[in-house]
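A short reminder: the numbers here are calculations on the coordinates, not readings from a lab. Bear in mind the structure is a predicted one, so any value in this text is a computation, not a measurement. A quick note on method: Cβ atoms are made from the backbone with ideal geometry, for glycine too, and the neighbour counts reach across all protein chains shown.
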Amino acid sequence: MNVQELIKKYKLPAAAGAAILLFWLYGLTEEAPVPPAESVTIVETEPLVQADVQEQPAEPVEVAIDVKGAVSMPGIYMMNSDERVNDAINRAGGLLEQADAAAINLAQKVQDEMVIYVPAKGEEAPVIQTAVPNSSSAAGTSSEAELINLNSADSAGLQELPGIGESKAQAILDYRETEGPFQSIEDLKNISGIGDKTFEKLAPLITIQ
């Protein structure tokens, strides 16, 4: 048997064997399957909420305000503590034409037992009023100063009142000696030189108790 016959004889088995060998080698090089990753449980946490530490504003309360001076309707008015001097003046009918609005602080909050005196232009406001002026001076403010007692004050004490000099103070003392104690603060108008306008300025500053 010659070479050509041998090739023909073994050609098909050799091809089959080569195919099997290639399939076996391919199986060796195939990567092993990757095991599935373990599942991870994600726990969601709620964000921290910052506590509200801001203090709540105090509830407004009802207060009594005494409005005097150059307003349409002077008197005592009930208001809320969160209202302003301007609100009190509006309750009193508003400012008169001769009122000196620059002498008081219209934006100031009202307080219980507060006295708001609105002076006329050119008038010196009593020192005890609670409506704070726009300037840094104390004129027109109320520091709850002690009232002057017409029945017990001496000459020096009486002269602390605006518009009361030595002669008027002596006239008040003389009145007490001749007429007896003042029965009301309006009796002060019996003193010579003290008229309605002067009395209006003095009324918030005096007492007979």
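For Ala153, neighbours were defined as the other residues whose beta-carbon sits under 13 Å from its Cβ, and their charges (Lys and Arg +1, Asp and Glu -1) total -1. Relative to the current alpha-carbon distance between Lys121 and Leu96, full extension at 0.36 nm per residue lengthens the span by 8.0 nm.
Gain on full extension, evaluated as 0.36 nm per residue between Ser152 and Asp174 minus their Cα-Cα distance, stands at 6.7 nm. One chain, two ends: Glu160 and Ser192. Fully extended at 0.36 nm per residue, the span grows by 9.7 nm beyond their Cα-Cα distance.
Legend: calculated FRET efficiency, Ser184 to Met78, from the Cβ-Cβ distance at R0 = 22 Å, rounded to 0.05, equals 0.30.
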